[in-house]
Amino acid sequence: MSQCNLGEPWRVQMDADVRVAADRHANLRVIFKDAQNSSLTQRAQVEELVEQGVDVIIISPKEAAPLTRPVAEAYQRGIPVIILDRQVQGDQYTTFIGADNVRIGREAGKWIRETLGGQGKIVELKGLMTSTPGQDRNRGFLEGLELDGNPGLEIVFSGEMQWLEPNARGEMESALATNDEIDVVYAHNDPGAHGAWLAARAAGREEEIQFVGIDALPHEGQQYVQQGILDATFLYPTGGEEAIDLALAILRGEEVPKHVVLGTRLFTGETVAEGGRPIR
Amino acid sequence: MGTEWGSRLRQWWSTPVARALLALLLMIAIGFVFSADGAFFRWSVHRDMLRQVSVFGILACGMTVVIISAGIDLSVSSLLALAAVTFAWLTMPHGWPALAAIPVVLAVGAVLGSISGVLVARMRIQPFIVTLAMMVFGRGLAKVISGGRKITNYVTDADGSSQVVDLPEIFGIIDSRVLWGNLSIVTIIFLACVLITWIVLSRLRLGRHIYAVGGNMEAARLSGVPVRLTLITAYALSGFFAAVAGICQAAQETHGDPETGMAYELDAIAMVVIGGTSLAGGKGSVILTLIGVLTIGYLQKILSLNAAPEATRLMLTGAIIICAVLFQRERE
């Protein structure tokens, strides 16, 4: 298992998911490597894994271009390669597993539209808009809201918090200062939603606003929902468990799909205890 | 009579404080024009701006001291994260009382800062290199202590079971407001740091030594200034203030995040420079930094209130830093 950066909590979770799934099978041994956010390190680690003669490589690449060749070389030497989250170029790999940020954003938009009954004022706190996840979570959200068909819905404030909680809090303070009425805050990640909640609480307005986030990490978003801070969060799945399932299928000699798109799960006050409600 | 006043005004106008103040007033005037439907005229907006800028301002206090000594401290953002993590770690999973945890955290900041100081003063390594190394080291240490994840009030016990403990009272106290909700505690902490820095720089012999070392290290040495001790103290102060900022950051985030405060050192340096303190050392004051902090704080608040896109914000911030520095220099 070659991980591009264990500095990110979500990627720590991905490794944990792989570990938990693998531990269910006594005949599996997983070697974990952390490339510490360097494509060249990750490239070397893939080459090491090939030399070690592993049966399957699971890799969550840092970047597509520099890792395409080492992955292709491993694949051509007959080692199945499962790619997680980020793509490589071409088709020289066994299977790709990834989540769809547009779809998750769309589900969040749909949930907010339905919860508000087509009537309400919305604040959107966006991630880094130069990043693909930020753009996708924004695009899907707008699709899910269906503003054209719901004239009662209005995005009254839209700020960029760059995935960072302190920034989200500052942006939310601005939103609160310029809007006397806010019904829902949609943040592109859970820390952003938490920062917004802190700002609303400082203004004494947290009760009148619903907070929706994305990612639903067990120790983060799910906890916030459990504590009643967030009203909803949507899982951005790591695919760690699915990777082990597919690895076993490959080892059994079964045909596996080239492209697997993961669904999401909705965590609300009612569903958080049972591990969220799967969506499709 | 009139000419006397005129010349006095001209004299005052040529001081750095006057020029920095003018830049700040200009910024506030821009806020009046782009008031976001009058939101800028409400005190709560200014109160929130002051809250948001306080952590940066606390870092900028230490940065001012180091920059006047002709150095730079890139490690403040990492020491902030380290302090935030240590503070959360001591108070939440370990249940330390705040009065015990705070001195320990402040000491950690001061000790790491003084290690930078020793490397600069005794080993004669450039401050940029030393504090760059400390920046990387401090971030790593924060990740080690936290195990790479946020330390929250969701605590895992030794037997593996997890539970939510009450957020320590101190978090709520630091992240609250006084004067009938009109001033954040973190802002008061920031102003206290400004006061401490002002006393150090303007009232203590140490302050004179810092200016002397920053102005001309060789001359300072020849005139009997304890150069090494002065430099070590300057970096220790910066580390101390970074720890103060870290405690404030943890309290405001309600957890200790090892990733927090990324690149804050650049904001702190920008605030010092916009105020008019020269990176060459030997000149400047914390009052200038206070004005610089407010100038950047208002800039960010005005852009945020008007929901300016991030790209615009970055470009405007860059342009305004250059304008402010040119403005400072023109009349020198």
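The values are calculated or read from the model by the stated rules, or taken from the named source; none is laboratory data. Note that the structure is predicted; figures quoted are calculated from it, not measured. With ideal geometry, Cβ positions are generated from the backbone for all residues, glycine too; neighbour counts draw on all protein chains shown.
Structural remarks
- Number of the condition not met by A:Arg11 [criteria: (1) closer than 25 Å to A:Arg252 by Cα; (2) within 14 Å of chain B (Cβ to nearest Cβ)]: (1)
- Candidate set: the range B:138-155, residues that are without any contact (Cβ under 8 Å) to a residue 60 or more places away in the chain and not aliphatic (A, V, I, L, M); chosen: the one nearest to B:Gln252 (Cα to Cα): B:Tyr154
- The condition of being at negative phi and touching a Cys at 6+ places or on another chain (Cβ under 7 Å) does not hold for B:Val272.
- Considering residues of the range A:25-54 that are free of Cβ contacts under 8 Å to residues at least 24 places away in the same chain and more than 21 Å from A:Arg77 (Cα to Cα) only, the residue nearest to the other protein chains (Cβ to nearest Cβ): A:Ala26
- Any strands (runs of 3 or more DSSP E) falling wholly within the range A:1-99 and containing at least 3 residues that are in contact with a Phe, Trp or Tyr (Cβ under 9 Å, 6 or more places away or on another chain) and either crowded, with 17+ Cβ neighbours inside 10 Å or of a type in the set (D, E, K, R) (or both): A:81-84
- Within the range A:26-57, the residues that satisfy the criterion of being touching a strand residue (DSSP E or B) at 6+ places or on another chain (Cβ under 8 Å) and within 24 Å of A:Ser131 (Cα to Cα) are A:Asp34, A:Ala35, A:Gln42.
- For the range B:273-312, the set of residues classified as part of a loop (DSSP other than H, G, I, E, B) and either touching a Lys or Arg at 6+ places or on another chain (Cβ under 9 Å) or within 30 Å of B:Val213 (Cβ to Cβ) (or both) consists of B:Gly276, B:Thr277, B:Ser278, B:Leu279, B:Ala280, B:Gly281, B:Gly282, B:Lys283, B:Gly284, B:Ser285, listed by residue number.
- Of note, A:Gly105 does not satisfy the criterion of being of a type in the set (Gly, Ala, Ser) and surrounded by fewer than 24 Cβ atoms within 10 Å (Cβ to Cβ).
- Residue in the range B:249-256 that is in contact with a Phe, Trp or Tyr (Cβ under 6 Å, 6 or more places away or on another chain), within 14 Å of chain A (Cβ to nearest Cβ), assigned to a helix (DSSP H, G or I) and not charged (D, E, K, R) present: yes
- Among helices (runs of 4 or more DSSP H) entirely within the range B:165-216, having at least 2 residues that are under 30 Å from B:Gly282 (Cα atoms) singles out B:185-203, B:205-215.
- Condition check for B:Leu195: at positive phi and more than 14 Å from every other protein chain (Cβ to nearest Cβ): no
- The residue that is nearest to B:Leu167 (Cα to Cα), among those in the range B:257-276 that are facing chain A (nearest Cβ under 10 Å) and among the acidic types (Asp, Glu), is B:Asp257.
- Options B:Gly38, B:Gly117, B:Gly113, B:Gly95; residue that is touching a Lys or Arg at 6+ places or on another chain (Cβ under 9 Å) and either at pLDDT below 95 or buried (at least 18 other Cβ atoms within 10 Å of the Cβ) (or both): B:Gly117
- Selection count where residues are crowded, with 21+ Cβ neighbours inside 10 Å and over 18 Å from B:Thr131 (Cα atoms), scope the range B:261-286: 9
- Qualifying residue in the range A:264-278 (condition: within 18 Å of A:Trp10 (Cα to Cα), more than 14 Å from chain B (Cβ to nearest Cβ) and without any contact (Cβ under 8 Å) to a residue 40 or more places away in the chain): yes
- 1 or more residues more than 10 Å from chain B (Cβ to nearest Cβ), within 21 Å of the chain's Cα centre (by Cα) and buried (at least 24 other Cβ atoms within 10 Å of the Cβ): qualifying strands (runs of 3 or more DSSP E) within the range A:123-232: A:184-187, A:210-215
- Verdict on B:Ala250 being touching a strand residue (DSSP E or B) at 6+ places or on another chain (Cβ under 6 Å) and not charged (D, E, K, R): yes
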